Amino acid sequence: MRGFDLTPYRRSTVGFDRLFDLIENNARLAQGDNYPPFNIERLSEDRYRVTLAVAGFRPEEIDITAQQNLLQVIGRKDEGSTDRSKFLHVGIANRSFERRFELADFVRVEKADLADGLLTIELLREVPEAMKPKKIAVNGGQLVDINKDRDAA
């Protein structure tokens, strides 16, 4: 995969450095290992679900760490404990892994469950009240509910 040249955008924007760094880092990492496979779902405007296929892992072998803007899932398998000499074919990947997900601001992990070989991580975006958009009245005038006037007509 070829790289992106974001230089023209970096020259004409201010404050988007983190976004451009994310794009460049993800383009570099996209060529890496795709184990374990995963899905990312948008359940509603502020709710998300990340599902990883981690067949063969027990809950104590999985570490989930959430820090500011980063979700890290690590699976640790003792690969030397299994006697592979008896297998005729090994097609189930059962190895250690590390998977990272960049999170947007104000996204937090709500819960994580492991069932039927699927690790499900529920995410929730909670924007603080101070950061939500507000309607500003011009010249200190009263705000008018447009829908109220339309219903009366």
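The values are calculated or read from the model by the stated rules, or taken from the named source; none is laboratory data. Just so it is clear, the model here is predicted, and its values are computed rather than measured. A quick note on method: Cβ atoms are made from the backbone with ideal geometry, for glycine too, and the neighbour counts reach across all protein chains shown.
General observations
- When we screen 97, 106, 101 for residues that are at positive phi, at pLDDT 85 or above, of a type outside the set (Lys, Arg) and surrounded by 10 or more Cβ atoms within 10 Å (Cβ to Cβ), the only hit is 106.
- Of the listed requirements (1) farther than 22 Å from residue 26 by Cβ; (2) modelled with pLDDT of 80 or more; (3) surrounded by 13 or more Cβ atoms within 10 Å (Cβ to Cβ), residue 130 misses just one: (3).
- Candidates 48, 35: the one that is hydroxyl-bearing (Ser, Thr, Tyr) and either assigned to a loop (DSSP other than H, G, I, E, B) or at pLDDT below 90 (or both) is 35.
- Within the range 55-70, residues that are among the basic types (Lys, Arg) reach partners that are in a strand (DSSP E or B) with beta carbons closer than 9 Å, at six or more positions or on different chains, in the pairs 58/114.
- Conditions (1) part of a helix (DSSP H, G or I); (2) among the aliphatic types (A, V, I, L, M); (3) more than 16 Å from residue 102 (Cα to Cα): number failed by residue 22: (3)
- Annotation note: of 29, 22, the sole residue that is modelled with pLDDT under 75 and within 16 Å of the chain's Cα centre (by Cα) is 29.
- Selection within the range 67-94 - modelled with pLDDT under 90 and surrounded by 10 or more Cβ atoms within 10 Å (Cβ to Cβ): 69, 77, 79, 82, 87, 93, 94
- Residue 77 falls short on exactly one of the conditions (1) part of a loop (DSSP other than H, G, I, E, B); (2) without any contact (Cβ under 8 Å) to a residue 40 or more places away in the chain; (3) out of contact with any strand residue (DSSP E or B) (no Cβ under 9 Å at 6 or more places or on another chain), and that condition is (3).
- Being touching an Asp or Glu at 6+ places or on another chain (Cβ under 9 Å) and either outside any loop (DSSP other than H, G, I, E, B) or in the same structural domain as residue 22 (by TED's automatic domain parsing) (or both) is a condition met by no residue of the range 80-92.
- In the set (1) touching a Ser or Thr at 6+ places or on another chain (Cβ under 8 Å); (2) at pLDDT below 80, the condition left unmet by residue 118 is number (2).
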